[in-house]
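Working notes for the structure below.
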Amino acid sequence: MKLTRRQMMALTGAGLASPVTAMAEVLPAFIPTAVIDAAFDMTRRTGMMEMLVARKVRTVFRYYAYKDQPERNLPHKVLRRHEAKALWGAGINIGAVFQFNNDKLESITPKRGQADAEHALDYAQNTIGQPAGSAIYFGVDGSWNGAAQLAGVMAYFEAVRRVFQQNGNRYRVGAYGSGLVLGRLLDAGLADLTWLALSRGWPGTRQFYNQERWNLFQFSHHLWFGKNQVDGNVINPVAPDFGDFSRSSVGQPADFGTAFLLKDQFYFSSRRKAAVYAKPDTNAKVVRSLTLAYNPIVLKSIKDWHAVSLDGTDRIAGYVRAEVLTTSAQMPAYK
């Protein structure tokens, strides 16, 4: 993949010797799988741990919750100590997120905020052994925007913040959700770190992304590691500390050049739906539709076309007209 002028400037600013050297040292082909999240035990999937290492995954986000949820097809949702030890032993950091039916508005109450925070703190410290100074994120998985709904979210996080303060602020508070919710939480001092959800239809998400207030952005639900599907996330180069942790310490903020290059490779679609062609030719077969659920990785460009990956590998899924895609610098409005 040919480096753009922006990429070369980023590498220079990061103090890396040269674009060619950096390309080899950062990630093969810059496929952005550095931070993933998943709702299954990495050690229970054949070959998954080996693939994490081979693809240079830095961090795996896993869940804290009251219990696994097989009724929601999540039989191994909760991070257990054996999995944490396996990830750390492989040199992979962990990110912690509490989520237990937090896609339902009835879960987002002060009472649940207190209970969720107390459970997460106890589990982090006494079961996982999460190092102090790292973060626990709390999911707020909805497109809520009415006054009453937002008041409920704020009250939930007020309870979370209060419990964390009462326990000496051992961990930082992270929040996962829409741009509107994350912006409100930051402004109120109720979240230290933000993880912007993928859905571009959620309120305030475009504005929040473009303001670069986020630490992580969930750019894909469709990354594949063999037969295992996970979510992919990119680190904000200008806010690269996101509270992950190893066995004994908080993860260091990502190197600017690395974070920039990973973010720089995925593109946004400016169309609600666009054609993906088998060849860079509008007369070629349409192999699938590109929807807003996908933020494609551009593998190479050919005149007015981009060859794209949709699964987080270096496999070309098809070709999209260049006018449809925009760089990750700004999230566009879509038609």
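Quick note: the coordinates plus some simple rules give every number you see, no bench work behind them. Since the structure is predicted, the reported quantities are computational estimates derived from the model, not experimental observations. Don't worry about glycine lacking a Cβ; one is built from the backbone with ideal geometry, like all the others, and counts go over all protein chains shown.
Report the local net charge at G318: Lys and Arg +1, Asp and Glu -1, summed over other residues whose C-beta lies under 12 Å from its C-beta. Please list the in-between numbers first.
Numbers: positive: K279, K285, R288, R315, R321; negative: D281, D311.
Surrounding charge for G318 is +3.
Check cross-link reach from K279 to the lysines: straight Cα distance under 29 Å, and skip same-chain residues fewer than eight apart.
Partners within reach: K2, K227, K263, K300, K303, K335.
For the chain, what ratio Rg/Rh do Cα atoms give with a Kirkwood hydrodynamic radius?
Details: Rg = 19.8 Å, Rh = 20.5 Å.
When Rh is taken as the Kirkwood radius, the ratio is 0.96.
Determine the shape class of segment 267-327: with a ≥ b ≥ c the square roots of the Cα gyration tensor eigenvalues, call it rounded for a/c under 1.5, and otherwise prolate if a/b is greater than b/c, oblate otherwise. Walk me through the numbers before you get to the answer.
On the way: a/c = 1.23, a/b = 1.11, b/c = 1.11.
Rounded, because the longest to shortest axis ratio a/c is under 1.5.
How many angstrom lie between the C-alpha centres of segment 66-130 and segment 147-173?
Here the answer is 17 Å between Cα centres.
Which order results if H221, H82 are arranged by neighbouring Cβ count within 10 Å, fewest first?
H82, H221
For L299, L261, which order do you get if you count the other beta carbons within 10 Å of each Cβ and list the fewest first?
Values: L299 19, L261 26.
The fewest-first ordering by Cβ neighbours comes to L299, L261.
Once amide H atoms are placed 1.01 Å from N in the peptide plane, what residues at a sequence separation of 5 or more from N228, or on another chain, have their amide H within under 5 Å of its amide H?
It is none; the list stays empty.
Only Cα pairs under 8 Å and at least 6 apart count here; give the relative contact order of the chain as a rounded whole percent.
Working: 717 pairs, mean separation 53.9, N = 335.
Once normalised by length, the contact order is 16 percent.
With a sphere of radius 14 Å drawn around the Cβ of G189, what net charge do the other residues whose Cβ falls strictly inside it have (Lys, Arg +1; Asp, Glu -1)?
Values: positive: R161, R162, R172, R184, R213; negative: E158, D187, D192.
So the surrounding residues net to +2.
Name the residues whose placed amide hydrogens come within less than 5 Å of the amide hydrogen of L198, ignoring near sequence neighbours (fewer than 5 apart) on the same chain.
Q218
Which of the listed residues, Q330, G142, Y319, is farthest toward the dipole's positive end in the chain, when Lys, Arg count +1 and Asp, Glu count -1 at the beta-carbon?
The Cα lying farthest towards the positive end belongs to Y319.
How would segment 156-302 be classified by its alpha-carbon gyration tensor: rounded, prolate or oblate, with rounded meaning a/c under 1.5 and the a/b versus b/c comparison settling the rest? Write out the running numbers ahead of the final one.
Details: a/c = 2.53, a/b = 1.92, b/c = 1.32.
The shape class here is prolate.
Counting Lys and Arg as +1 and Asp and Glu as -1, what is the net charge of the other residues whose Cβ lies under 10 Å from the Cβ of G113? List each step's numbers first, then the result.
Values: positive: K111, R112, R161, R162; negative: D116, E118, E158.
The answer is +1.
Please state the charge dipole magnitude for segment 5-265, taken about the Cα centre, from unit charges on C-beta atoms (+1 on K and R, -1 on D and E), reported in debye and rounded to the nearest 20. Spell out each step's value before the answer.
Details: 28 positive and 22 negative charges, 46 e Å.
The dipole of segment 5-265 has a size of about 220 debye.
For I128, I36, what's the fewest-to-most ordering of other Cβ within 10 Å of each Cβ?
Details: I128 20, I36 27.
Taking fewest neighbouring Cβ atoms as first place, the list is I128, I36.
Cα gyration tensor of segment 152-234, axes a ≥ b ≥ c as square roots of the eigenvalues: rounded (a/c below 1.5), prolate (a/b > b/c) or oblate? Spell out each step's value before the answer.
Working: a/c = 2.48, a/b = 1.52, b/c = 1.63.
Here segment 152-234 falls in the oblate category.
Using modelled amide H (1.01 Å from N, peptide plane; none on Pro or chain starts), what sits under 5 Å from the amide H of L299, excluding residues fewer than 5 places away?
The answer is A307, V308, S309.
Using just the helices of the chain, give the 222 nm mean residue ellipticity in deg cm²/dmol: DSSP H runs with n ≥ 4 each add -39,500 (n - 2.57), and the total is spread over all residues, rounded to 500. Working shown, then result.
Values: 9 runs with 92 residues, N = 335.
When only DSSP H runs of four or more count, the value is -8000 deg cm²/dmol.
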